[in-house]
């Protein structure tokens, strides 16, 4: 969160108190400072709302602070105001996008996936780009001086009690994932390395004996491994370069369903789960198959 104007200590306390109050009733601790005055400063003399938004009110060129108090401590909030060089603003990432026609756009990254980018320019206009139409992009996901908080991208397990546990950090950019129908194997693709890994699933939910299951190489604009689904026979359907790649349970490539556009994700549908619904660059496709999808929640105990 970038600095507000140079505030007196009492004003800092007031703004901190206001942001902490936003986290909800019964969740705030008693703090020095007047939240009501903090709100007045936020929308008034401090100029915070010129960039930041709270509950739909304010600017849009920096992060929405509606829930800031629920994810940051009192000291972190204070530091964000008084020490802007050390503060992070992950929802307000700046990019300069140059498309193949030579036009240049500058603004904030609002959404991005493997194939598309949404940018909001400083006048509030939203621009939607296909990655294949972008010639060059200067994009810094971290604020100057900020370090990535976790030095890896991992796969985590959320158990029935709400406990979160890291199960693997072997991948550079984990993306699509699926379990085999018998629950004994776990598959996850790596969009950066362009491969798929498979693990054995232990009784306690941990992963063991990870190895490369398959590779999906391609040119720069051909697409990368992304969405993944499994059929009842244990075959994998994985979006990849130019289509959907089919793999059997042993890692043998069975073929590629070539698509009119680069697909990103897919899901089984219809009453018998015999149809793939596929999201692509600009369209959604429906493909009837001889296979039937394995959908765990549809299985009768």
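Summary table below
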item: Fewest-first ranking of 215, 261, using other Cβ atoms within 10 Å as the exposure measure; result: 215, 261
item: Order of 96, 155 - criterion: other Cβ atoms within 10 Å of each residue's Cβ, fewest first; result: 96, 155
item: Theoretical gain in end-to-end length, residue 123 to residue 73 [0.36 nm per residue, Cα-Cα removed]; result: 14.8 nm
item: Burial ordering of 250, 169, 184, 193, fewest other beta-carbon atoms within 10 Å first; result: 250, 184, 169, 193
item: Label-point gap, in nm, between residue 165 and residue 43 - each point 7 angstrom along Cα→Cβ; result: 4.8
item: Shape box of the range 155-298 [Cα atoms, principal axes, largest first, Å]; result: 42, 37, 28
item: Label-point separation, residue 253 to residue 152 (7 Å along Cα→Cβ), nm; result: 2.8
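No value in this document is a laboratory result; all are computed from the given coordinates. Keep in mind the model is a prediction, meaning the values are calculated, not measured. Ideal geometry is used to build each Cβ from the backbone, glycine not excepted, and the neighbour counts take in all protein chains shown.
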